[in-house]
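Q: Next up is a structure, given as structure tokens.
Where a number appears in this text, it was derived from the coordinates with a stated rule and is not lab data. Please read all numbers here as calculations on a predicted model, not as lab measurements. Backbone-built Cβ (ideal geometry, glycine too); neighbour counts: all protein chains shown.
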Amino acid sequence: MERPGGTRARRSAVPDARIPHDSFDRRILGQLFDVRPGAPASGSEALTHWPRYAVAFTLMGVAAAGTALSAYLLGKMTNEAYVDRNFHGIVVVAVVAMAIFAIKGMASYGATVMLSAIGNRIVADNQRRMFDKLLQQNIGFFADRHSSEFIARLTTGANAVSR
């Protein structure tokens, strides 16, 4: 094949690395992730977890508010130390700052754990549905495939949804 400028493109000795779409992909994954009109939307799994998402977003809001309050307290502490020269005020602002950072840390941790749990539940639900579809196949479907293919596709197929 000729490139612009007269150079020739070399053919790679490595075969095409794309995964072939065999009947397993079409039959199992096609049934699982149905894209026909009237099929459920792809985000329908997420809608079932809306209360957990609401808690996670609330915790993220608390963490963001903690960040804003810490910036405000830095200015307050500077005024207490250098303008007012008030040691008691510095101690109060320092204790409030420690409380804010503790609350911010707990809120960030809680949001991370909540979102991780939601993602794990969605992946587990997808794996369960794919396994149920796999169990509905006839014996001829399993005869010409190795068992490791099924495990690999169940694992990577369900985890691909989370990315």
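Q: Work out from phi, with θ = phi - 60° and the Karplus expression 6.51 cos²θ - 1.76 cosθ + 1.60, the ³J(HN,Hα) of each residue of the range 47-58, listed in order in whole Hz, and give x for Gly and Pro.
A: With coefficients 6.51, -1.76 and 1.60, one gets 5, 6, 9, 4, x, 5, 4, 4, 5, 4, 5, 5 Hz.
Q: Alpha carbon centre of the range 57-76 versus the range 108-160: separation in Å?
A: About 39 Å separates the Cα centre of the range 57-76 from the one of the range 108-160.
Q: Mind giving me the nanometre distance, one decimal, between the label points for residue 79 and residue 127, set 7 Å out from Cα along Cα→Cβ?
A: It works out to 5.4 nm between the two label points.
Q: Counting pairs of alpha carbon atoms under 8 Å apart in space and at least six apart in sequence, what relative contact order in percent does the range 49-138 give?
A: Once divided by the residue count of the range 49-138, the mean separation gives 44 percent.
Q: Continuing with this model, one more query. Extending each Cα 7 Å along its Cβ direction at residue 139 and residue 48, get the distance between those two points in nm, one decimal.
A: Result for the modelled spin labels: 3.3 nm.
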